[in-house]
1. Rounded if a/c is under 1.5, else prolate if a/b is larger than b/c, else oblate: which is the protein assembly as shown, with a ≥ b ≥ c the root eigenvalues of its Cα gyration tensor?
2. Placing +1 at every Lys and Arg Cβ and -1 at every Asp and Glu Cβ, with all other atoms neutral, what dipole size does the protein assembly as shown have around its Cα centre, in debye to the nearest 20?
3. I'd like the distance between the alpha-carbon centres of region B:1-74 and region B:116-176, rounded to an integer number of Å.
4. Debye sum, Cα scatterers, region D:1-70, no solvent: what log₁₀ I/I(0) at q = 0.20, 0.26, 0.28, 0.29 1/Å?
5. Could you compute the FRET efficiency for C:Ser208 and D:Arg4, with r as their C-beta to C-beta distance and R0 at 60 Å, rounded to 0.05?
6. Express the C-alpha Rg of chain B as a ratio against the empirical globular expectation 2.2 N^0.38 Å, rounded to two decimals.
7. Amide H to amide H, which residues 5 or more places from C:Gly181 or on other chains are under 5 Å from it, using H placed in the peptide plane?
8. From the phi of every residue in region C:114-125, what ³J(HN,Hα) in whole Hz does the Karplus formula 6.51 cos²θ - 1.76 cosθ + 1.60 yield, where θ is phi - 60° and glycine or proline is x?
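Any read-out appearing in this document is the output of simple, stated calculations on the displayed coordinates, not a laboratory observation. In this text, all values refer to a predicted model and were calculated from it rather than measured experimentally. Note: ideal-geometry Cβ built from the backbone for every residue, glycine included; neighbour counts use all protein chains shown.
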Protein chains: 4
Amino acid sequence: MTVRVRDGLRQEVLNANLAIPQVGLATLTWGNVSGVDREAGVFVIKPSGVPYEDLALDHLVTVRLSDGEVVDGDLRPSTDTETHRCLYLAFPSIGGVTHTHSTHAVAFAQARLEIPVLGTTHADTFNGPIPCTPDLTAEQCAKDYEYNTGRVIVDMLKEDDQKAVEVPAAMVAGHGPFTWGATARKSLEHAIICEAVADIALHTLALSPTAPPPPHLLNRHYTRKHGPDAYYGNPTPAPAG
Amino acid sequence: MTVRVRDGLRQEVLNANLAIPQVGLATLTWGNVSGVDREAGVFVIKPSGVPYEDLALDHLVTVRLSDGEVVDGDLRPSTDTETHRCLYLAFPSIGGVTHTHSTHAVAFAQARLEIPVLGTTHADTFNGPIPCTPDLTAEQCAKDYEYNTGRVIVDMLKEDDQKAVEVPAAMVAGHGPFTWGATARKSLEHAIICEAVADIALHTLALSPTAPPPPHLLNRHYTRKHGPDAYYGNPTPAPAG
Amino acid sequence: MTVRVRDGLRQEVLNANLAIPQVGLATLTWGNVSGVDREAGVFVIKPSGVPYEDLALDHLVTVRLSDGEVVDGDLRPSTDTETHRCLYLAFPSIGGVTHTHSTHAVAFAQARLEIPVLGTTHADTFNGPIPCTPDLTAEQCAKDYEYNTGRVIVDMLKEDDQKAVEVPAAMVAGHGPFTWGATARKSLEHAIICEAVADIALHTLALSPTAPPPPHLLNRHYTRKHGPDAYYGNPTPAPAG
Amino acid sequence: MTVRVRDGLRQEVLNANLAIPQVGLATLTWGNVSGVDREAGVFVIKPSGVPYEDLALDHLVTVRLSDGEVVDGDLRPSTDTETHRCLYLAFPSIGGVTHTHSTHAVAFAQARLEIPVLGTTHADTFNGPIPCTPDLTAEQCAKDYEYNTGRVIVDMLKEDDQKAVEVPAAMVAGHGPFTWGATARKSLEHAIICEAVADIALHTLALSPTAPPPPHLLNRHYTRKHGPDAYYGNPTPAPAG
């Protein structure tokens, strides 16, 4: 039995997955993006281990939010599917999730360090450091490992949806970044920015183990892009002519 | 009411903006270039948050120098527009301004360090270190933040137009580089060079916290490209045939 | 006299060699991939010093496993041919070998350090550190140098085929990485991953000379991709339609 | 009056110049390659400051070896022309010269450090460290600056042609790399390799300020590619078919 998802979701998820190698965040088949349809109670995700150059709409897999069962698709979903599901269940405002092994973000995850707020490039998107989870325990690795990978993120954020909105990214210790957003596309953008700020942060820390810039500067940048007083961006660009 | 700007300015500003991602200085929609028409008393700038792949001539916004009012264009101008305006007002010789979040230059801005003159690559373009402003105060962030972002640069240069000509770039602490030049295209070239010398400087400092090379070498390189005794370059290349 | 090799082997070896510059692992003509046909007792390898843009099926060289004689092809085989041969003879499960001078892996080889297991990106493919050989002796350099380059790898692994399967890569001290796999394509993938984990490891060590993550996490990642309980990937993706 | 140069020289010099941005060694118009015709007593070089995308055969400038006079071409030659001329005069075996501001090589030049021999990637091409000159004196900068830039290289090598053949590259302190070779194309290849080994060396030194690998290994690599016992490469690849 096939489950219908809302119009455009499958295409958006495909596009976001295909963008991963285009923006330089993927090695081989690494990385995956999903998008959720909360009304239908399912999310759509990349299949496991399929090369990006072969990936097509038909390959996407639809998974039920409540129990993780595949309800549409012939292929096995990404091994990280249960991590995505855990994040969707814990944070109702999340519409899409992205996971990559991007070089500089993974370096922070492997060093088990948060990515500190060192400037406005970070504060434009993330209202605080990108936190790093503690190590998973042997028990968390032995059973339901992928679900528990989401669980350590959820626990770190104390299941607080507002926190997840303000800092839409986390590092899993020894592993790498998971990012999310209102849509699959937004979760991908947060993965791109997470990697960019990790890259800049590594260079900054090499120059100077400096204190973060003043909070009033960081807060100004976050609020000019987010919340009721935001004044960045344009609704829809007028067509060229 | 539409304001006419001099022929070619809008196209030059569009081209310079489109070049930002091509030369690898942009992530997502970050970065913006403007160009001024001092006779008309306006400058033309990128709209806020429009993806580079969608950007068209029609989207550019014309802003009045004297008060920052939009006088042409349907979109909201870049959030950094007031910073550009402040620089145009303070430095009469500036014809174009570029702002990016390029990785290595931002690392210096986040470390709140000037980019020191470590060799002739730097001295070919910048007649001294690329300075870094002090942090903006809470007051400067609370009101007219973007204008004040230009103000801290202007204050650092003591409003000295000649200084702005000799070192056409500055770092805003905790934020990133602003560069300028006689034209929009020139301001973009200075952004490219600013990023290149920041990249090389980071590697140089990793090898050796060395003193700068002798002033006579640096001066020789600056003066062979600038001023009355310059002998670099060619007027216009003969057409291929 | 021409030796027939199994269908598809020459094309696979050509494709894997052509992929080296495409994935950014080659400078000029550096790097080479070979694939073996154990039934025919030969392997197929890139010729020495031919630019990738000129490389064609006709240029590949077929070499006899038992004695290293060229049995097919007009060109001289890669100077590293004897290293490949040594690895094929020592490890019966190897179907392909790749050698590159990729930047970050070579840095570890030049520092004569193993690439430590610092996270799941590494553990997904390599079940332990990527080891680095001792220096070759003057005798090993004077005679049969290239064969001895393989010999120091084989000796380091105590000629243990299972070890070679679990960690399909090694650094030759002062030289660079050799990787292998069930096929030529797989050996290339291991070269790509070896370079990626070396790159991430360099950044991780710059942030923190941290201890490796807990063994249960690493083991979980290795076993979900390898062995009887693996659950990563899909057999063959359904065609798009 | 036009001077004829040997067939193919102008095209080879054009191709080598156009390759500089293609291999990622150039920012803007930086970098230049020349090739010499010793029988005609001239060399052909890139004009000054012409963007690579506009560069055409017609723009190349022919310069007399004996006195540096332009004998063919409408444009001003590269500002570095006198440095090339000095190298051609001092080292009779040189057929081409390349100058770039490539990132990692310039970092060594700015740190005033030689690029040490840290592995076989270096020893395959350079039979020893790539040396760095002392600073130019105020007198050397004041008059005939560009010629003196070649002079400090020539003095450092004690005008020894054999040394120039064995290590076809040098760093000018505070400036950057000059490389040379039997042809313009070869000098470019040496610039590419010089940058690659500088990049790897920077990472190696970050991991470990290690001693160089044993001389017998380095010597083996140099001699398998150079001199009477060389066995690397192939004469001309058979055409595909």
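1. oblate
2. It comes to approximately 300 debye.
3. Their Cα centres are 22 Å away from one another.
4. -0.78, -1.17, -1.29, -1.35
5. 0.40
6. In units of the globular-protein estimate, chain B measures up at 1.01.
7. It is C:Gly95, C:Gly96, C:Ser187, by chain and number.
8. Coupling constants for region C:114-125: 5, 8, x, 7, 10, x, 6, 4, 6, 5, 4, 10 Hz.
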